[in-house]
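Here's the structure, in structure tokens; my notes come after.
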There are 2 protein chains.
Amino acid sequence: MADALKIGIAGLGTVGASLARILQTRANALAVSCGRAITIQAVSARAKGKDRGFDLTGIAWYDDPVEMAEKADIDVFIELMGGAEGAAAVSVRAALKRGLHVVTANKALLAAHGVELAKLAEEKGLLLNYEAAVAGGIPVIKTLRESLTGNHFSRLYGIMNGTCNYILTRMEKEGLSFADCLKEAQRLGYAEADPTFDIEGNDTAHKLSILTTLAFGNQIAADQIYLEGISNISIDDIHAARDLGYRIKLLGVAQKTATGIEQRVHPTMVPLDSVIAQVDGVTNAVAIESDILGELLMVGPGAGGNATASAVLGDVTDIAKSRPGAQQVPVLGRPAHLLEPYAQAEMTRHEGGYFIRLTVVDRTGVFASIATQMANNNISLESIVQHSKTPAAGDQAKTIILVTHATMESAVRTAVAAIKGEGYLLGEPQVIRIERPKTV
Amino acid sequence: MADALKIGIAGLGTVGASLARILQTRANALAVSCGRAITIQAVSARAKGKDRGFDLTGIAWYDDPVEMAEKADIDVFIELMGGAEGAAAVSVRAALKRGLHVVTANKALLAAHGVELAKLAEEKGLLLNYEAAVAGGIPVIKTLRESLTGNHFSRLYGIMNGTCNYILTRMEKEGLSFADCLKEAQRLGYAEADPTFDIEGNDTAHKLSILTTLAFGNQIAADQIYLEGISNISIDDIHAARDLGYRIKLLGVAQKTATGIEQRVHPTMVPLDSVIAQVDGVTNAVAIESDILGELLMVGPGAGGNATASAVLGDVTDIAKSRPGAQQVPVLGRPAHLLEPYAQAEMTRHEGGYFIRLTVVDRTGVFASIATQMANNNISLESIVQHSKTPAAGDQAKTIILVTHATMESAVRTAVAAIKGEGYLLGEPQVIRIERPKTV
């Protein structure tokens, strides 16, 4: 049997502690599967005294993760601290410079510095694995990076934030408001005290930017993503969606178009009978459309200590099974120095179906005016629903819901702006994009 | 850049020809991703003259695949001929003995000789990759073999035969009979002229036996699988299932129980709102339940030249990215000489819910008799539906449908046998097992 693989874990929160426990309690089985033992040689965290359910005997403790990266007697540096900058970035750079393989679950770090770190790893012939950074336990990185090599990608999309999916699922199932469901999610630990990062789509955007690069071969461009969160989705939207045969999900979508790559995160209508529409609660899902394989959809736990630890463990065992300097999987699918600049497609040129919900004054001529504005912008309508009474808005109001055939974003924006100018709108119009799975 | 990886393809049917075309048309991109070129050095097939859409210039032609395995100047032998014995088995053995890596899409070969071939590969330090053998383009082998290392598995199940899923989907959507849908599937090329192997579950069983070994670490036991096909599923079953909130799928299921590992292939009721229930047509799906990760479901194309070629290509590029003798992924998840004997669980001890459809003479006392037999066997009922008139069976008949809570197979068999003995049954009773996804 080969020499043991010596690892150091920086960050002993839920994921790190779970990983350490698994490595200790399943040491024998892991050694059999990998052909060598995996030993925890060093750890780093803030509070040394805390009981985390694993045995620290014989493990070197470092208060400073950077010092661990620079000095510990390890082959692999596992970064589970989080954050795009600070200790995570400094210690990962130090580990790679020193010639250590790196495993990280840190989407923010990769979204900000992924290309730089990939270059560093590849120059040194090191592995940089990050399965846990996107969609938790779902093996989407390995699938894109290894299984689908040679495929050309047209679109990928997914539910990549459990907090948002939990809230949207609860809203539909219980008929509760966004605010109530958010509170519930916070109570259950599914949402942070400050939930902005999740509900406004930033978390999804970080993950999407990594998948985009793996699929399309561009440099990571997390700051060039069209972003809309779910905080203005109402129970009325959810009910109207269901009546029309759709369900609302927060999707991250990356799509190849004639003018570049679209990256967008927004509430999205998906057909009720599609597989992804059934993905409830904190569960994640990622769909990948490619030309040789066709369509692949993966559904699984997107967060949680154990599920994330499972993905980290897969990354570590991949390194254990390879021999030093042996395997040359490019970190981001193709060698980092060959990644192309990101060619951003204009969001105004996005083409797709749209759901438009308008609350209007209930008077003659309004409907004709709306229809005219749509026609003026060459927008063809798939369905029109009119509710005569909208109790929340008073007796004088009615709700008009339009679902368009595929049209251009700019046309929808122009039409909606024109409708706003007519003076009969009560409140802001709601516009939600529709995404249609190809087959599943 | 490293030396080119030289491959030989045995079998130039739909998959082999698709693979060859992709390797030629995407040679540059593949070389960039793999860090070395992949060149087709040799091919073997029956008819040399046929145009298969790729350039044979400079490629050595072998009429005999075994000769190619023994003599061609190649690093990797790709077996796409099919069949458990004959040329496929002989040539793969010859290739491994000679020190070539092997990629195969051949489930029958692995189901019959997988452990022997894995031992041979591991003794020689070779890779034996077979992603395409199970569920076509879905990366389930890689996921079990690499991503989930360290997990303990409780159950896996899947829709692994596109022919059966196509037929069941059509029956439900169009209200057609099994026989009509089978004819349609044959016309469209989804079913063979002799469809027995697909519709009686043998194909699913081969695939299941491989997944069982990857999950549970036992020797492959394809001949110890409980088997029931879909040919006696009627449109009445499908409608009754839907009325009760279920859909019928042919599932292969492997499950760890207190008395051993269950392997079973049979028509199965899955809840209508589960994700797997939405998997329509020829699409496949595999669900994996493990203790660290939780539940993972993968959905995608299970067959077809391109989808299968994509999986083969992933296997080849994995070898291209590794360096000779470098990577030591055990072929069947753990080293073949450490696989345990298969401990088969008794099917009579299977526990689960059951759907039981009885066509009975419409007379007083029948219902009470059925209820008594159920009670005598301690079977608790979740729902009971009685249709007074069953037109197909005549005015004197009625249909009684029972759905049980979790109970033991032996109890159901005893109760049904007792009911048969009462003399009021018209036709054979229909018994369909229920499978409940854990979360998705």
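With point charges of +1 on the Cβ of Lys and Arg and -1 on the Cβ of Asp and Glu, referenced to the Cα centre of segment A:65-169, which listed residue (A:A108, A:A69, A:G82) lies farthest in the positive direction of the dipole?
So the residue furthest toward the plus end is A:A108.
Dividing the alpha-carbon Rg of segment A:238-299 by 2.2 N^0.38 Å yields what?
1.23
Using the Cα centre of segment A:270-321 as the reference point, and only Cβ charges (+1 on K/R, -1 on D/E), how large is the resulting charge dipole? Debye, rounded to the nearest 20.
260 debye
Going highest first, how would you order B:282-288, B:416-422 by mean Cβ packing within 10 Å?
B:282-288, B:416-422
As a footprinting exposure proxy, order B:D236, A:D318, B:D223 by other Cβ within 10 Å, with the fewest listed first.
Sorted ascending by nearby Cβ count, the order is B:D223, B:D236, A:D318.
Mind listing the phi-derived Karplus ³J(HN,Hα) values for segment A:377-387, rounded to whole Hz, using 6.51, -1.76 and 1.60 with θ = phi - 60°, and x for any glycine or proline?
9, 6, 9, 9, 9, 7, 7, 9, 10, 10, 9
So, in segment A:145-301, how many Lys pairs have Cα atoms under 24 Å apart, if the pair is 8 or more places apart or on different chains?
For segment A:145-301, qualifying lysine pairs total 5.
In segment A:124-163, which trypsin sites (Lys or Arg not before Pro) are in a loop and have at most 16 other Cβ atoms within 10 Å, using DSSP for the loop call?
Passing both the DSSP loop test and the Cβ count: A:K124.
Place a point 7 Å from the Cα of A:V361 along the Cα-to-Cβ direction; which residues of segment A:405-439 have their backbone N under 16 Å from it?
A:419-428
Return the inverse of the average 1/r over all pairs of distinct C-alpha atoms in segment A:145-301, which is the Kirkwood hydrodynamic radius, in Å to one decimal.
16.0 Å
Please report the antiparallel percentage of the DSSP beta bridges confined to chain A, to the nearest 5.
70 percent
Give the average, rounded to an integer, of partner chain Cβ atoms located within 10 angstrom of each Cβ in A:308-314.
5
Partner chain Cβ atoms within 10 Å, averaged over the residues of A:141-147 - can you pull that number for me?
6
Hey, got the dipole for segment B:348-434? About the Cα centre, +1 on K and R Cβ, -1 on D and E Cβ, debye to the nearest 20?
For segment B:348-434, the charge dipole is close to 60 debye.
Explain nothing, just the number: dipole magnitude of the protein assembly as shown about its Cα centre with +1 on each Lys and Arg Cβ and -1 on each Asp and Glu Cβ, in debye rounded to the nearest 20.
660 debye
Averaged over A:33-45, how many beta carbons belonging to a partner chain fall within 10 Å of each residue's beta carbon?
The shielding value for this peptide is 2.
For chain A, set up a GNM with springs between Cα atoms under 10 Å and report which of A:G260, A:G423, A:G281 has the largest fluctuation.
Looking only at A:G260, A:G423, A:G281, the biggest GNM fluctuation is shown by A:G423.
For segment A:1-118, state the semi-axes of the equivalent ellipsoid (square roots of 5 times the eigenvalues of the alpha-carbon gyration tensor), sorted largest first and rounded to whole angstrom.
The equivalent ellipsoid of segment A:1-118 has semi-axes of 22, 17, 13 Å.
Taking the label point as lying 7 angstrom from Cα along the Cα-to-Cβ axis, what are the distances from B:G281 to the corresponding position in the remaining copies, in ascending order and in nanometres?
Sorted ascending, the copy-to-copy spacings read 3.1 nm.
What residues qualify as long-range amide H neighbours of A:A397, i.e. H under 5 Å apart, gap of 5 or more or another chain, H built at 1.01 Å from N?
A:D362, A:T390
Would you list the membrane-span-like helices of chain A, meaning whole DSSP H runs whose alpha-carbon atoms span at least 20 Å along their axis and whose mean Kyte-Doolittle value is at least -0.5?
Going by DSSP H runs, the hits are A:107-123, A:202-216, A:305-321.
Over the Cα atoms of the protein assembly as shown, Rg to Rh with Kirkwood Rh, two decimal places?
Rounded to two decimals, Rg/Rh equals 0.98.
Which of B:G252, B:V43, B:F216 sits farthest toward the positive end of the charge dipole of chain B, with +1 on the Cβ of Lys and Arg and -1 on the Cβ of Asp and Glu?
B:V43
With bins 5 Å wide starting at 0, give me the P(r) of segment A:348-434 over every alpha carbon pair, in whole percents.
Bin by bin from 0 Å, the calculated values are 3, 15, 28, 26, 16, 8, 3, 0.
For segment A:1-75, which trypsin sites (Lys or Arg not before Pro) are both in a DSSP coil and crowded by at most 12 other Cβ atoms within 10 Å?
Here the trypsin sites (Lys or Arg not before Pro) that fit, given the DSSP loop and packing criteria, are A:R46, A:K48, A:K50.
Looking at chain B as a GNM with Cα springs under 10 Å, which of B:E428, B:E200, B:E131 has the largest mean-square fluctuation?
B:E428
Rounded, prolate or oblate, given the Cα gyration tensor of segment A:210-329, with a/c below 1.5 counting as rounded?
Taking the square roots of the gyration eigenvalues as a ≥ b ≥ c, segment A:210-329 is prolate.
For B:T364, go 7 angstrom from Cα along the Cα-to-Cβ vector, then report the distances to that same point in the other copies in nm, smallest first.
Shortest to longest, the spacings are 6.9 nm.
Could you list the residues of segment A:250-274 with an amide nitrogen less than 20 Å from a label point located 7 Å from the Cα of A:R349 in the Cα-to-C-beta direction?
So the set is A:253-265.
Could you state the principal axis extents of the C-alpha atoms in chain A, from the largest down, to the nearest angstrom?
In descending order, the Cα extents are 81, 44, 34 Å.
Hey, got the Cα dimensions of segment B:77-225 along the principal axes, in Å, largest first?
On the principal axes, segment B:77-225 reaches 54, 37, 26 Å in Cα extent.
Sequence gap at least 6, Cα distance under 8 Å: using those rules, report the relative contact order of chain B to the nearest whole percent.
16 percent
Enumerate by residue number the GluC sites (Glu not before Pro) in segment B:267-371 meeting two conditions: DSSP loop (anything except H, G, I, E, B), and at most 14 other Cβ atoms within 10 Å of the site's Cβ.
Within segment B:267-371, the qualifying GluC sites (Glu not before Pro) (loop, at most 14 other Cβ atoms within 10 Å) are B:E346.
For a quick check: with amide H placed at 1.01 Å from N, whose amide H comes under 5 Å from A:Y246's, ignoring anything fewer than 5 positions away on the same chain?
Those qualifying (amide H under 5 Å, at least 5 residues apart or on another chain) are A:L272.
Any read-out appearing in this document is the output of simple, stated calculations on the displayed coordinates, not a laboratory observation. Bear in mind that the values here come from a model prediction, so they are computed numbers and not experimental data. Heads up, the Cβs are rebuilt from the backbone with ideal geometry, glycines too, and the neighbour counts pull from every protein chain shown.
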